[in-house]
Amino acid sequence: MAEQLTHIDEQGDVRMVDVSQKADTERVAVAEGFIAMKPETLELITSGAAAKGDVLACARVAGVMAAKKTSELIPMCHPLNITKAKVSCEPVCEGQREDGLVGIHVTTTCGVTGKTGIEMEALTAASVACLTVYDMCKAVDRGMEIMDVRLLKKDGGKTGLWERSQGRE
């Protein structure tokens, strides 16, 4: 059986999926992102010397706010009554990544009890947290790069548990 794109109807038109007949289940999604930067920029962030204030606190709050507003940004995304949104921002120093990049690793966890998944909220939270770091530090490092935004885990609903293994799937 071929997989189908759920947001495309039989005529090829986009639509919001009808979830009215689905049962409410507990659902959780975990996503991540990374923003690479100069070591000097990371030092500004971790020392608290960034001109705009506490970069990581602001990024965490921005990520939570973004998760709550995902349906306003992604056209076919259902508005959800989110029950959990957590954003973690961890500095990554020289030598900690195989590729040698330094920056901030963002991990987000979102939860809901509802009829549809919460992957988009976790991914949006990770993206916006990284964008917030960029916004707060762009005056000193316009070459920062946001990368590796991806879903790590989703659980709940009809398809149950999915976890990313190493690499792409």
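Run through segment 84-169 and list the trypsin sites (Lys or Arg not before Pro) located in a DSSP loop whose Cβ has at most 13 other Cβ atoms within 10 Å.
Passing sites in segment 84-169 are Lys138, Arg142, Lys158, Arg168.
Might you work out the accessible area of Glu90 for me, using a 1.4 Å probe with all protein chains in place, and round it to the nearest 10 Å²?
Rounded to the nearest 10, the figure is 100 Å².
How large is Rg/Rh for the chain, to two decimals, with Cα atoms and a Kirkwood Rh?
Numbers: Rg = 17.7 Å, Rh = 17.2 Å.
Dividing the radius of gyration by the Kirkwood radius yields 1.03.
Which trypsin sites (Lys or Arg not before Pro) does segment 1-80 hold that lie in a coil by DSSP with at most 15 other beta carbons within 10 Å?
For trypsin sites (Lys or Arg not before Pro) across segment 1-80 that sit outside H, G, I, E and B with at most 15 neighbouring Cβ atoms in 10 Å, the list reads Arg15, Lys22, Lys52, Lys69.
Tell me what the chain gives for mean residue ellipticity at 222 nm when only DSSP H runs of n ≥ 4 count, each as -39,500 (n - 2.57), the sum divided by the residue total, rounded to 500 deg cm²/dmol.
Using -39500 (n - 2.57) per qualifying helix, the result is -8500 deg cm²/dmol.
Accessible area of segment 79-169 with a 1.4 Å probe: how many percent of it is carbon plus sulfur?
Percent of accessible area from carbon and sulfur atoms in segment 79-169: 49.
I want to verify a result. In a Gaussian network model of the chain, Cα cutoff 10 Å, which of these has the top mean-square fluctuation: Ala66, Ala31, Ala139?
Of the options given, Ala139 has the highest mean-square fluctuation.
Please give the helix 55-68 orientation as an angle from the longest Cα principal axis of the chain, in degrees from 0 to 90, rounded to the nearest 10.
Computed tilt is about 10 degrees.
Mind ranking Ser88, Ser165 by accessible surface for me, highest first, 1.4 Å probe?
Ser165, Ser88
Please give the helix 119-137 orientation as an angle from the longest Cα principal axis of the chain, in degrees from 0 to 90, rounded to the nearest 10.
That works out to roughly 20 degrees.
The values are calculated or read from the model by the stated rules, or taken from the named source; none is laboratory data. Please read these numbers as outputs of a predicted model, since none were measured by experiment. We place every Cβ from the backbone using ideal geometry, glycine too, and count neighbours over all the protein chains shown. Areas reflect the complete protein model, heavy atoms only, side chains present, ligands, DNA and RNA absent. Shrake-Rupley method; radii C 1.70, N 1.55, O 1.52, S 1.80 Å.
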